[in-house]
Structures are given as C-alpha cells and as structure tokens.
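Here is the structure we will look at, set down as structure tokens.
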Amino acid sequence: MPSTPKILLVDDVDFFLEMEMELLKRTPATLLTARNGVEALEVARRERPQLIYMDVAMPEMDGLACCRAIKADPELRRIPVIMVFTPTRDVDLSAAAAAGAEEAITKPVDRKLFLDLGHRYLFDIERREKRASCQTTVDFRIAGRDYQGLAHDLSRLGLYIEYRDPIPESAFLYLSFLLPTVSPRRVEARGRVAWINQGFPRTNLKVPQGFGVEFQNIDEEALDTIRQYIDRYGENNGAPAGGEKA
C-alpha cells in the first residue's frame with residue numbers, strides 16, 4: 001500500500017461529494033472523485049484507490065453496474081466498495097450485496113457509520129473528531145416552531161442535544177447557543193438532525209435521550225468560537241467547573 005492511500009468518492013451530486021470530503025477531512029489520504037460509473041471505472045483503473053464510496057443512482061452507469069464491473073476486473077476486484085444510496089423498492093441492502101459491495105450505507109449518511117465502515121478496510125481513516133463536553137442551553141427551530149434543549153457534546157462538525165419529545169428524522173434546523181467562557185457572542189448555525197437517540201430501544205444508553213446535529217451552514221466567527229472552546233476544554237482538558245450553563 002502506498003504511503004498516502006487513495007479514496008475514491010463517486011456521486012453525481014456535488015453536495016454529497018463535498019459532504020463526504022468534509023467527513024474525511026482529518027484522514028491522511030488523497031481524495032479522488034467521479035460523477036458516474038463510467039468515470040469511476042476510468043479513475044479506478046488509472047489511480048488504483050484503496051477504498052471506494054459509491055452512490056447508486058447516477059447517469060451513464062449506475063453504482064450497482066459499476067460495482068459489478070469492478071468486481072469482475074481481476075486488477076480491481078480486491079478494492080473494497082461501500083455503496084451509498086437512498087432506499088427504494090428497487091434498491092436495498094441486498095441489491096448492494098448482490099453487486100459485490102463489501103458494505104452499504106443509506107442516505108442521509110450517518111457520520112460515525114460512514115467513517116467506521118471505511119475504517120474496517122482502510123485503517124488510516126480518522127474516525128474521531130476532537131470534541132468537548134459541555135452543558136449549555138440550545139435554542140433551535142424546526143419548520144417555524146421554537147424548541148429548547150441542552151447540549152452535552154460539541155465538536156467542530158456538530159453537537160448532541162438532550163431532548164425528550166419526538167424529533168423528525170433528518171430535519172433541518174436553526175440553532176443558537178452561548179459559550180460564555182470564550183465569547184459573549186451567540187453561536188448561530190443551520191444544521192441537520194443526523195441521528196436520533198430516543199424511545200425504546202435507544203441507540204446509545206450512555207447519553208440521555210436526544211439527537212445529534214450535523215452543522216451544515218456556520219460562519220467563520222462562530223466556528224472560531226467553537227474551536228476556542230474545544231481547544232480549552234476538549235477531551236482530556238476538562239469542562240468548565242460546574243458545567244457550561246447559559
């Protein structure tokens with residue numbers, strides 16, 4: 001394996017390519033892109049990537065056909081392929097497996113699962129985003145309605161909010177909260193509900209009921225406030241005494 005591994009990301013939608021590149025930002029790898037199956041095959045044959053994340057629904061040649069072509073090629077068939085798709089009546093996990101894919105993940109992509117699956121085949125993939133414990137009140141708005149929860153975990157990419165009432169999966173929301181020990185300015189951002197940890201059975205019993213948010217639109221000043229907070233209190237540095245109540 002080369003000293004710098006290569007990861008090929010295949011999707012015809014720029015938004016998803018940019019999102020996957022952001023998720024792999026901390027990974028020491030060369031990121032390659034293709035926008036359909038034909039282009040993906042050309043890049044794979046030329047660059048010999050160590051891992052491929054492949055969308056299913058694409059023009060010219062879809063992801064399932066491309067995956068079958070990769071697995072039929074003696075020089076490419078050992079490259080692990082992780083299919084990324086929106087479930088439909090015609091496409092499901094069994095279809096991805098039948099095409100020869102090693103793994104599959106559905107959209108909207110869960111950050112942790114996306115990185116964990118890749119880490120199985122390419123150890124270089126960095127799964128941990130530096131984060132900090134915090135307890136600050138978060139005001140958020142979904143579809144014009146205002147809510148309030150309590151943040152428990154903060155990273156540059158998002159945060160976890162304690163909240164008991166039902167939350168729509170993959171909902172887009174507007175967030176506002178304070179980190180007063182580093183800035184008097186409220187952090188404001190737009191985000192998406194990335195995973196829900198409510199009801200029974202819960203995904204993670206180690207944290208209170210709530211949901212994880214992925215930041216999708218946040219200005220540089222707000223991002224700098226978050227970085228300062230994480231640098232001061234992140235991981236082994238400890239949270240502020242008595243928590244971060246705003």
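The sole residue among Arg120, Arg131 that is in contact with a helix residue (DSSP H, G or I) (Cβ under 9 Å, 6 or more places away or on another chain) and at pLDDT below 95 is Arg131.
Considered as a group, the residues in segment 157-183 that are within 10 Å of Val213 (Cα to Cα) and not hydroxyl-bearing (Ser, Thr, Tyr) include one that is modelled with the lowest pLDDT, and that residue is Leu157.
Is it the case that some residue within segment 218-226 is at pLDDT 90 or above and part of a strand (DSSP E or B)? Yes, that holds for at least one residue. Please determine whether any residue of segment 61-83 is open to solvent by 10 Å² or more (accessible area, probe 1.4 Å), modelled with pLDDT of 95 or more, of a type outside the set (Ser, Thr, Tyr) and at positive phi. No, segment 61-83 has no match at all.
Within segment 214-227, the residues that satisfy the criterion of being open to solvent by less than 60 Å² (accessible area, probe 1.4 Å), without any contact (Cβ under 8 Å) to a residue 60 or more places away in the chain and under 20 Å from Phe15 (Cβ atoms) are Phe215, Ile218. Test Ala132 against the criterion of being open to solvent by 50 Å² or more (accessible area, probe 1.4 Å), more than 30 Å from Lys6 (Cβ to Cβ) and among the hydrophobic types (A, V, I, L, M, F, W, C), and give yes or no. No, not satisfied. Are any of the residues in segment 148-155 open to solvent by 30 Å² or more (accessible area, probe 1.4 Å), within 18 Å of Ile218 (Cβ to Cβ) and in contact with a Ser or Thr (Cβ under 7 Å, 6 or more places away or on another chain)? Yes, segment 148-155 has at least one match. Open to solvent by less than 20 Å² (accessible area, probe 1.4 Å), at pLDDT 90 or above and under 30 Å from Gly158 (Cα atoms): does that describe Leu32? When the stated conditions are applied, Leu32 does not pass them.
Here is the figure for segment 143-156: residues that are at pLDDT 90 or above and of a type in the set (D, E, K, R) total 2.
The values are calculated or read from the model by the stated rules, or taken from the named source; none is laboratory data. Keep in mind that this is a model prediction, so the values were computed, not measured. For neighbour counting, all protein chains shown are included, and Cβ atoms are generated from backbone atoms with ideal geometry for every residue, glycine included. Accessible surface areas use protein heavy atoms only, side chains included; no ligands, DNA or RNA. Shrake-Rupley method; radii C 1.70, N 1.55, O 1.52, S 1.80 Å.
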